[in-house]
Ligand SMILES: N[C@@H](CCC(=O)N[C@@H](CS)C(=O)NCC(=O)O)C(=O)O
């Protein structure tokens, strides 16, 4: 039995997509970030920090997207989605997994400041500017990597899966047309049948109410 605990348009999309690439049958249990369901005792028993993704996999319970993605890649090595120890591409692969979470944290902080804060709390324009600049710097670092079709020269890997979630969110904060190679890469990822199947199961997001959140004046 494989069950993913998932919020639409959250990091759990990474696991949903990877499972589609691996051809795994799974059940999805849906939550919302807004309704308190991630703070229920039942959910906290699975995810101590109250976060998605959580994956129940054949009796084991895993949380943290990097760990889950790596565990799945190691459990199903025949798919070849993660360079194994001894492979010279492994360092770049692990760097990309970690960088995807660096970007994930920047996006999470932008979400807090520009989407979730409610009066009387006031977001800081200075903090938003800094976060946005850091996000743009990370996207520029990825943009210059592209000498091949995927993040790793050897081809599609779980590193690409980790970043798709980042691009899905970054477009709410940054004009991605400033990164043409990244745009072409991202368009190609979205064409993958596994990605399309994952998006069909993603569910309706209830995080963003605007198409774009510009950096505030001041
Ligand atoms: N580093 C963790 C971060 C998990 C995380 O923050 N998930 C967000 C959704 S993308 C969440 O569950 N947030 C719940 C909340 O903010 O209450 C991972 O990669 O899994």
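So that you can scan it fast, the table gives a plain yes or no per residue for (1) at pLDDT below 95; (2) buried (at least 16 other Cβ atoms within 10 Å of the Cβ):
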| site | (1), (2) |
| --- | --- |
| 76 | no, yes |
| 80 | no, no |
| 87 | no, no |
| 93 | no, yes |
| 116 | no, no |
| 145 | yes, yes |
_Test for residue 131: is it surrounded by 14 or more Cβ atoms within 10 Å (Cβ to Cβ) and either outside the structural domain of residue 24 (by TED's automatic domain parsing) or within 16 Å of the ligand (Cβ to nearest atom) (or both)_ = yes
When the stretch 42-61 is checked residue by residue, the ones that are in contact with a strand residue (DSSP E or B) (Cβ under 8 Å, 6 or more places away or on another chain), away from the ligand (no atom under 12 Å from the Cβ) and free of Cβ contacts under 8 Å to residues at least 24 places away in the same chain are 61
query = Being part of a helix (DSSP H, G or I), more than 10 Å from the ligand (Cβ to nearest atom) and closer than 19 Å to residue 11 by Cα, is that true of even one residue in the stretch 85-94?
reply = yes
Note on the stretch 8-28: residues within 13 Å of the ligand (Cβ to nearest atom) and within 11 Å of residue 201 (Cα to Cα) are 8, 9, 13, 16
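The values are calculated or read from the model by the stated rules, or taken from the named source; none is laboratory data. None of these values were measured; they are calculated from a predicted model. Quick reminder, even Gly has a Cβ in these numbers, built from the backbone with ideal geometry, and neighbours come from all protein chains shown.
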